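Participant: Next up is a structure, given as structure tokens.
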Amino acid sequence: MSLKDSQEAVSEYLDQHAHLASVAMFGQQHTSISVYSTSTVVRAPEAVVRGRWSPTVNGFIGEELLLNHRRSGRDLGMQLGVSRYYGHDAVLSSVHSDLREREHGAVELPEPRRLKTGLTSAVGGRRSGRRFSGRAAGLDELATVLWHGQGVTGELPVTVQDGAATVALRTVPSGGGLYPIRLVVLAQNVKGLAPGAYEYQPHGHTLYPVHPTPVPVALSDLLWTADVEADKVSFALVYVYDLYANSQKYGDSGLVFALIEVGGIAQNVHLARTALGMIACDQGGYDKQGLEQFLGQDGMSRHVVHFTLVGHGEV
Ligand SMILES: Cc1cc2nc3c(=O)[nH]c(=O)nc-3n(C[C@H](O)[C@H](O)[C@H](O)COP(=O)(O)O)c2cc1C
């Protein structure tokens, strides 16, 4: 077989020699060299054995991040330092975060339900579910999931130059109280809510439409999954990271902190929907660029970093 053979000829050849696919897979997984093997002094075992054959063609950004992100305020990249929470300059970034929210045109959400399910029961009962029934979610269910993921739960008094102020605190911890992750709802089948994209505004406990007139989104166009019937999902949650919201203080570590925070929010979302008797499944395979374009995020300073489908399961 030559390299000039057509795709059909190659597929036919591979069908007849199925073992070659496994050999290629093994080679890709275990024998390729790190893209950083020539350029970094850090040679963690994984970095040496994983990677790509053609580093110049396709970088391995996750590995680059882990090898290069800084954890010490003595390194370049830390603008305000990791160690000071109460410094004037530090708290000035986190006070008055409510002023970023918009009231006019926002959709008010019902009060979140106070869930009585015990913590051990919710943690132990949480399971990813992929068989959605297509039953609509109630607006109160959406509100309850959002509040548990991002709701405002308290206030921290701080001192700033012109006197006293407060930092509004939420259900999930955040480095410096900066809350760089925003939750966007892609409503597909929620009672009382026009299908479309909405940003959750935690201070007002409201939804703000991403488009002036909500534009319905077909989840099946954004997802690369064969395991979920996307049109039966009630709503998806998109986690958007605003890089400047925390990297201004934490430099390169901002991204790492944000990903930690995404995990906390997602876990609260899962525990709340478990207590509500709903199913959900995180998704790693989705059209990041298409989604960012749809949501008006530039994919440079504001990234979609995670995606969770939520709805009712088949009984
Ligand atoms: C970041 C992340 C990405 C995931 N991506 C997918 C996915 O694309 N498709 C899928 O079916 N499940 C996905 N999952 C769900 C995992 O498959 C699931 O959590 C894992 O199998 C453990 O099962 P459990 O959640 O029921 O405990 C993802 C989970 C996480 C945390």
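The values are calculated or read from the model by the stated rules, or taken from the named source; none is laboratory data. Quick caveat, the model's predicted, so the values are computed rather than measured. In this analysis, Cβ positions are derived from the backbone assuming ideal geometry, glycine residues included, and neighbour counts consider all displayed protein chains.
Participant: Inside the stretch 156-199, can you point out the residues that are hydrophobic (A, V, I, L, M, F, W, C) and at pLDDT 95 or above?
Facilitator: If the condition is that a residue be hydrophobic (A, V, I, L, M, F, W, C) and at pLDDT 95 or above, then LEU169, VAL172, ILE181, LEU183, VAL184, VAL185, LEU186, ALA187, VAL190, LEU193, ALA194, ALA197 are the ones that fit.
Participant: Can you name the number of the only condition in (1) within 24 Å of ARG102 (Cα to Cα); (2) in a loop (DSSP other than H, G, I, E, B) that TYR208 fails?
Facilitator: All conditions are met except number (2).
Participant: Could I ask something else about it? Could you tell me how many of the residues in the stretch 155-201 are in a loop (DSSP other than H, G, I, E, B), free of Cβ contacts under 8 Å to residues at least 24 places away in the same chain and either among the aliphatic types (A, V, I, L, M) or under 22 Å from GLY254 (Cα atoms) (or both)?
Facilitator: The total comes to 1.
Participant: With ALA164, ALA122 as the choices, which residue is away from the ligand (no atom under 16 Å from the Cβ) and small (Gly, Ala, Ser)?
Facilitator: Only one candidate passes the filter, namely ALA164.
Participant: Considering only residues of the stretch 277-308 that are among the aliphatic types (A, V, I, L, M) and touching a strand residue (DSSP E or B) at 6+ places or on another chain (Cβ under 9 Å), which is nearest to LEU223 (Cα to Cα)?
Facilitator: LEU291
Participant: Can you tell me which residue within the stretch 218-230, out of those that are in a loop (DSSP other than H, G, I, E, B) and under 26 Å from ILE260 (Cα atoms), is nearest to the ligand (Cβ to nearest atom)?
Facilitator: Checking each candidate, the answer is THR225.
Participant: Out of all the residues in the stretch 231-247, is one or more within 16 Å of the ligand (Cβ to nearest atom), surrounded by fewer than 16 Cβ atoms within 10 Å (Cβ to Cβ) and at pLDDT 95 or above?
Facilitator: No: zero hits.
Participant: Condition first: away from the ligand (no atom under 16 Å from the Cβ) and free of Cβ contacts under 8 Å to residues at least 24 places away in the same chain. Can you find one or more residues in the stretch 270-292 that meet it?
Facilitator: Scanning the stretch 270-292, I find at least one residue that is away from the ligand (no atom under 16 Å from the Cβ) and free of Cβ contacts under 8 Å to residues at least 24 places away in the same chain, so the answer is yes.
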